[in-house]
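The values are calculated or read from the model by the stated rules, or taken from the named source; none is laboratory data. Please read all numbers here as calculations on a predicted model, not as lab measurements. Neighbour counts are summed over all protein chains in view; Cβ atoms, including those assigned to glycine, are modelled from backbone coordinates with ideal geometry. For the accessible areas, the whole protein counts, side chains as well, though only heavy atoms, and no ligand, DNA or RNA atoms are used. Shrake-Rupley method; radii C 1.70, N 1.55, O 1.52, S 1.80 Å.
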Amino acid sequence: VAGSTVKYSFSTSNGDISFGLQYATPGNLLEVIRETMREPSDVEPIKGSYKADYDGVFIFIFDNSFSWFTDKLITYNISLLQVS
């Protein structure tokens, strides 16, 4: 819902991971909020937030394809603060 805020944090063990965040509108337009790139989530937690300007769906991308021989454990927290 427009005006809502999503807050996220995550960390990994056994190495880093690629992370990206996108936002899809009801008209199927895709907005890249955060480009998918490797994050040092094994060193410190990665945190962020984003406020939606219009209705839509958040898409969280966790990608380990650069290191698929190495298992990773992801611990995450995602909260959605909706407007009344």
Whole number in Å², please: accessible area per residue of the chain, 1.4 Å probe, ligands, DNA and RNA not counted.
-> 65 Å²
Per GNM of the chain with C-alpha springs under 10 angstrom, the most fluctuating residue out of SER41, SER65, SER18 is SER65
Taking 7 Å along the Cα-to-C-beta vector as the label spot, tell me the SER67-THR25 distance in nanometres, rounded to one decimal.
-> 3.7 nm
Which value, in Å² and to the nearest 10, is the accessible area of LEU30 when all protein chains are kept and the probe is 1.4 Å?
-> 100 Å²
Report, to two decimal places, the Cα Rg of the chain normalised by 2.2 N^0.38 Å (N = number of residues).
-> 1.17
Would you mind working out the magnitude of the charge dipole of the chain relative to its Cα centre, with +1 at each Lys and Arg C-beta and -1 at each Asp and Glu C-beta, to the nearest 20 Debye?
-> 180 debye
List the aspartates and glutamates whose alpha-carbon lies under 14 Å from that of LYS47, not counting same-chain residues fewer than 8 positions away?
-> GLU39
Roughly what would the spin-label model give for TYR54 and SER13, points 7 Å off Cα along C-beta, in nm?
-> 4.3 nm
Of all trypsin sites (Lys or Arg not before Pro) in the chain, which ones are in loop regions per DSSP and have a Cβ with at most 16 other Cβ atoms within 10 Å?
-> LYS72
Return the carbon/sulfur percentage of the accessible area of region 32-83, one whole number, probe 1.4 Å, all protein chains in place.
-> 53 percent
